[in-house]
Each structure stands twice: as structure tokens, then as C-alpha cells.
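Engineer: Can you keep this structure in mind? I'll have questions shortly.
The values are calculated or read from the model by the stated rules, or taken from the named source; none is laboratory data. These numbers come from a predicted model, not from an experiment. Cβ coordinates were reconstructed from backbone atoms using ideal geometry, including for glycine residues, and neighbour counts include every protein chain displayed.
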Amino acid sequence: MKKIITFINKKNGSGKTTTFNCINNYFKITAGDIIFQGESITKLKTHKICKLGIGRTFQVVKPLSRMTVIDNVTASAFCRVGSINGAKEEAYRILEFCGLADQIDKLAKSLPIGGRKRLEIARALATKPVLLLLDETAAGLTPSELDEAIELIKKIRDSGTTILIVEHIMKVIMTISDRIHAINFGQTIAEGTPHEVANNPAVIEAYLGEAYAHC
């Protein structure tokens, strides 16, 4: 079983999404090196990084809005599958896994936010990632959709994919995380198990203010 590692901080601008953008070369880094499975990926094109096994979602979901749900996932499946029939079969399998099998013929733009978030995950899964980067997958969901998202994330982990997730919602963070990495304005302030990070004075101060850090 692989792990779920969570990046947290309450403030915008702390560097969480930027880290994802650097990992998959959406942003070019100006110093340092990014190592994946023992090899540098710093100079690789984004599509080659995807081929190596790093998939991602975006904080603002980006479906192919005028295409159907199944065609969205089929397009991603071509990363690994060479035929249209094979890609469609793979797309249907993933949509069933993600709870969207009954939505396959709908236009992506017609889905509610919860459905679009699931579609975003399905598109990333179609690339068969070893490491999946999830950027605020739970944002904007209803309580019932939140519970479903938690179960889906756990199911992905249990299927053998390591997940690195950016999240603010404490219910998600404390329920799914094997390890948490807390950052504040680009600097690490705590790292460890959910219990260790939740009780760290620096994290409490970042979330609640200095007055609560030593209570």
C-alpha cells in the first residue's frame, strides 16, 4: 500500500501549488534539482514527466468542456494506450472506479463541481501515475461530496498509487493523511504524522494565531 502525503497551510501564497507546478515543469525552476525515482526530471518536458508516472489535477478544474465525459478521459488514456478502442475501454474502467460511469455521455461542462472534480481525477488516473498530485480536490464540495472524495482518495491509495495532495480542509487532512508537510510562505514549519503536525506550535500559530500556540 502506498502513502498519502499532504501539503497544508491556511494562507494563500505559501507555495503549495507552485511546488506542483515545478514538479511537472509547468513552471521552470531557477535553482536546485527535482529527483523522481532516483533520476533528475528538472529538464524534462511536462509530457515526458507524465510518461514517467507523475499525474496531476489542477486547483481550478480544466476539463475539455465541449467534449463528453468519456472522451475527456479517453484523450488522457492515449498517454498509455495506442488504440481508440483500448483507450475507450480504459476510460470506462476509470470512470467506473471514480463513480462516473452513469455520466459518460454528458458534456463535461454540464457536470456540477463535484462531478468535475471527479472527472479531473479520472483524467489524471488515465495516465497511470505512480505519483498523483491532487491540488485542493475537496474545495467547494458539499458534506456528502466531501465524504465521497475522501473514500475515492483512499481507494486510489489502496490501489497502489502514492498521492501528494494540497489541502486546507481539516477533515480531509486528518482522515486521509499518512504524513503531513506544513509550509508557510515557502518554508517548512512542520512535518510528520497527522497527530504530530496538528499539535505542533508553529502550525497552531499559523492557523489560529500566536496566542493559541502555547495553550
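Engineer: Which of the residues spanning the stretch 109-121 are closer than 22 Å to residue 147 by Cα and either in contact (Cβ under 8 Å) with a residue 40 or more places away in the chain or under 16 Å from the mean Cα position of the chain (by Cα) (or both)?
Structural biologist: Selection gives 111, 113, 114, 115, 116, 117, 118, 119, 120, 121.
Engineer: Please work out which residue is surrounded by the fewest Cβ atoms within 10 Å (Cβ to Cβ), limiting yourself to the stretch 122-142 and to residues that are more than 12 Å from the chain's Cα centre (by Cα) and on the phi < 0 side of the Ramachandran plot. Steps first, please.
Structural biologist: Restricting attention to the stretch 122-142, the residues satisfying the condition of being more than 12 Å from the chain's Cα centre (by Cα) are 126-128, 130, 140-142.
With on the phi < 0 side of the Ramachandran plot added as a condition, the list becomes 126-127, 130, 141-142.
Working: 126: 25, 127: 19, 130: 14, 141: 19, 142: 11.
So, considering only residues that are more than 12 Å from the chain's Cα centre (by Cα) and on the phi < 0 side of the Ramachandran plot, the one surrounded by the fewest Cβ atoms within 10 Å (Cβ to Cβ) is 142.
Engineer: Something else about it: Residues to consider are 204, 180; find the one that is touching a helix residue (DSSP H, G or I) at 6+ places or on another chain (Cβ under 9 Å) and surrounded by fewer than 22 Cβ atoms within 10 Å (Cβ to Cβ).
Structural biologist: Answer to the check: 204.
Engineer: Farther than 30 Å from residue 52 by Cβ and among the charged types (D, E, K, R): which single residue out of 128, 155, 109 fits that description? Give the derivation first.
Structural biologist: Working: 128 fails: farther than 30 Å from residue 52 by Cβ; 155 fails: farther than 30 Å from residue 52 by Cβ.
Unique residue meeting the criteria: 109.
Engineer: From (1) crowded, with 20+ Cβ neighbours inside 10 Å; (2) among the charged types (D, E, K, R); (3) over 21 Å from residue 73 (Cα atoms), pick out the condition that doesn't hold for residue 147.
Structural biologist: (1)
Engineer: Could you run through the stretch 47-90 and say how many residues are under 14 Å from residue 108 (Cβ atoms) and touching a Gly at 6+ places or on another chain (Cβ under 9 Å)?
Structural biologist: Total meeting the criteria: 2.
Engineer: Right, something else. Out of the residues in the stretch 7-28 that are among the charged types (D, E, K, R) and more than 16 Å from residue 165 (Cβ to Cβ), which is modelled with the lowest pLDDT?
Structural biologist: Our first condition is that a residue be among the charged types (D, E, K, R); within the stretch 7-28, this holds for 10-11, 16, 28.
The next check asks that each one be more than 16 Å from residue 165 (Cβ to Cβ); those that pass are 11, 28.
Working: 11: 56, 28: 90.
Per the stated criteria, the residue is 11.
Engineer: Among the listed residues 71, 33, 102, identify the single one that is surrounded by 14 or more Cβ atoms within 10 Å (Cβ to Cβ), over 20 Å from the mean Cα position of the chain (by Cα) and of a type in the set (D, E, K, R).
Structural biologist: Numbers: 33 fails: surrounded by 14 or more Cβ atoms within 10 Å (Cβ to Cβ); 102 fails: surrounded by 14 or more Cβ atoms within 10 Å (Cβ to Cβ).
So the residue among 71, 33, 102 that is surrounded by 14 or more Cβ atoms within 10 Å (Cβ to Cβ), over 20 Å from the mean Cα position of the chain (by Cα) and of a type in the set (D, E, K, R) is 71.
Engineer: I would also like to ask the following. Which of (1) farther than 22 Å from residue 99 by Cα; (2) at pLDDT below 90 is the odd one out, the single condition residue 139 does not satisfy?
Structural biologist: (1)
Engineer: Now, a different point. If residue 41 satisfies all but one of (1) over 15 Å from residue 124 (Cα atoms); (2) at pLDDT 90 or above; (3) surrounded by fewer than 17 Cβ atoms within 10 Å (Cβ to Cβ), what's the number of the condition it fails?
Structural biologist: All conditions are met except number (3).
Engineer: Still on this structure: What single numbered condition from (1) buried (at least 16 other Cβ atoms within 10 Å of the Cβ); (2) basic (Lys, Arg); (3) in a helix (DSSP H, G or I) fails to hold for residue 109?
Structural biologist: (1)
Engineer: Being outside any helix (DSSP H, G or I) and among the hydrophobic types (A, V, I, L, M, F, W, C) is the filter here, so list the residues in the stretch 143-195 that pass it. Break it down stepwise before answering.
Structural biologist: Initial filter on the stretch 143-195 (outside any helix (DSSP H, G or I)): 159-169, 177-193.
Within the stretch 143-195, 163, 164, 165, 166, 169, 180, 182, 183, 185, 189, 190 qualify.
Engineer: Still on this structure, please answer the following. So, residue 124, is that one part of a helix (DSSP H, G or I), in contact with a Lys or Arg (Cβ under 9 Å, 6 or more places away or on another chain), in contact (Cβ under 8 Å) with a residue 24 or more places away in the chain and within 20 Å of residue 65 (Cβ to Cβ) or not?
Structural biologist: Numbers: part of a helix (DSSP H, G or I): yes; in contact with a Lys or Arg (Cβ under 9 Å, 6 or more places away or on another chain): yes; in contact (Cβ under 8 Å) with a residue 24 or more places away in the chain: yes; within 20 Å of residue 65 (Cβ to Cβ): yes.
Yes.
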